[in-house]
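The values are calculated or read from the model by the stated rules, or taken from the named source; none is laboratory data. Keep in mind the model is a prediction, meaning the values are calculated, not measured. We place every Cβ from the backbone using ideal geometry, glycine too, and count neighbours over all the protein chains shown. Note: areas computed on protein heavy atoms with side chains; ligands, DNA, RNA excluded. Shrake-Rupley method; radii C 1.70, N 1.55, O 1.52, S 1.80 Å.
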Protein chains: 2
Amino acid sequence: MKNTKDQISDILRSSHLSVTDTRVKILELFMKSSGALEHSDFEKKLAGQAFDRVTIYRTLQAFIDKGIIHKIPTTDTSVQYALCRSECSAEDHHDHHVHFKCEECGNTLCLDDTDIPAIQLPKGYAAHNIEVVVSGVCKHCK
Amino acid sequence: MKNTKDQISDILRSSHLSVTDTRVKILELFMKSSGALEHSDFEKKLAGQAFDRVTIYRTLQAFIDKGIIHKIPTTDTSVQYALCRSECSAEDHHDHHVHFKCEECGNTLCLDDTDIPAIQLPKGYAAHNIEVVVSGVCKHCK
DNA sequence: TATTTATTTGCAACAATGTTGCAAATAAAT
DNA sequence: ATTTATTTGCAACATTGTTGCAAATAAATA
């Protein structure tokens, strides 16, 4: 049974990313978090510690590129990020789960076991990807 | 058969909004457009004409508040807006349709007649609203 | 382990986007 | 036509995201 630091190093190395303090720290925060995180969460959580804003942007983008995290759509200007399940890779994502945004606690969760239903599009439309975001009240807030 | 200007005045008046140049112009652009629009589209389309950036922000917010337009979720920082169907009001929205983003032309469309399927959430979760955004290739680009 | 090479970081500077208060302008009500 | 309420434009500011480049760090090699 490996500790978290080793797990994180493994993830980074298998994605061909150097193991650096910022990347380890950001992955740790993702693993500790129950829900999705956005850029400003990292600025807050890492405040005081010497992590540059720009480095956080670049780290999140690198994680996206490597298929370590994925984005969740929102109706505001924030961008929500969540860890991909272990089966995801840069080439082949299968985040085919529903996202849930709780109106009470504000948290956004991946419902990993809730499948996205098939959708019958009008004639002439080809679907490559389907995003579903449900909002409501989560089980912790009800 | 009413002309567009009269239709627009009616929409504004029935939403208890004064009929002003900016509001009429922005509603016209929505009605002319085949797809969703974002803030920067208005800055571009209205460039040269004397419409303030702040006024555009406030106009879009007012239209949201009154149920004239709705937002469409995205994975970037843009905010997409589209006209609500006539049946929508400030109190009662029924945008229960699927949104489609074409990867070719970049346009985002409301598929007004494509219903959102029921989703079986895990025990303890209550759904209030469901957003579905499909990306792929639209019928004009295929 | 020491050195070289490749990658990553932090900084500065900038661009784009969004917000607020307030006086002037305009629309609606009287 | 005048009063009242609403909306607008401006200025100023806050937040968010981007780029180039030199210094720092990690990985690869000897």
Check: So which residues in segment B:1-14 are closer than 20 Å to B:Asp65 by Cβ and either of a type in the set (A, V, I, L, M, F, W, C) or within 16 Å of the chain's Cα centre (by Cα) (or both)?
Finding: B:Ile8, B:Ile11, B:Leu12
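I need the full set of residues from segment A:124-141 which are open to solvent by 60 Å² or more (accessible area, probe 1.4 Å) and within 7 Å of chain B (Cβ to nearest Cβ), in order please.
Filtering segment A:124-141 for residues open to solvent by 60 Å² or more (accessible area, probe 1.4 Å) gives A:128, A:139-140.
Selection gives A:His128, A:Lys139.
Going through segment B:25-74 one residue at a time, which ones are hydroxyl-bearing (Ser, Thr, Tyr) and under 30 Å from B:His140 (Cα atoms)? Walk me through how you get there before you give the answer.
Step one: list which residues in segment B:25-74 are hydroxyl-bearing (Ser, Thr, Tyr), which gives B:33-34, B:40, B:55, B:57, B:59, B:74.
If the condition is that a residue be hydroxyl-bearing (Ser, Thr, Tyr) and under 30 Å from B:His140 (Cα atoms), then B:Ser33, B:Ser34, B:Ser40, B:Thr74 are the ones that fit.
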Notebook entry, point to check: Across segment B:15-55, what is the total count of residues that are more than 11 Å from DNA strand C (Cβ to nearest atom), in contact with a strand residue (DSSP E or B) (Cβ under 8 Å, 6 or more places away or on another chain) and over 15 Å from B:Ile68 (Cβ atoms)?
Noted result: 2
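Of A:Phe42, A:Phe51, which residue is modelled with pLDDT under 95, hydrophobic (A, V, I, L, M, F, W, C) and touching a Ser or Thr at 6+ places or on another chain (Cβ under 9 Å)? I'd like the intermediate steps shown before the answer.
Working: A:Phe42 fails: modelled with pLDDT under 95.
The match here is A:Phe51.
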Notebook entry, point to check: Going through segment B:1-22 one residue at a time, which ones are within 15 Å of DNA strand D (Cβ to nearest atom), among the hydroxyl-bearing types (Ser, Thr, Tyr) and touching a residue at least 24 places away in the same chain (Cβ under 8 Å)?
Noted result: B:Ser15, B:Thr22
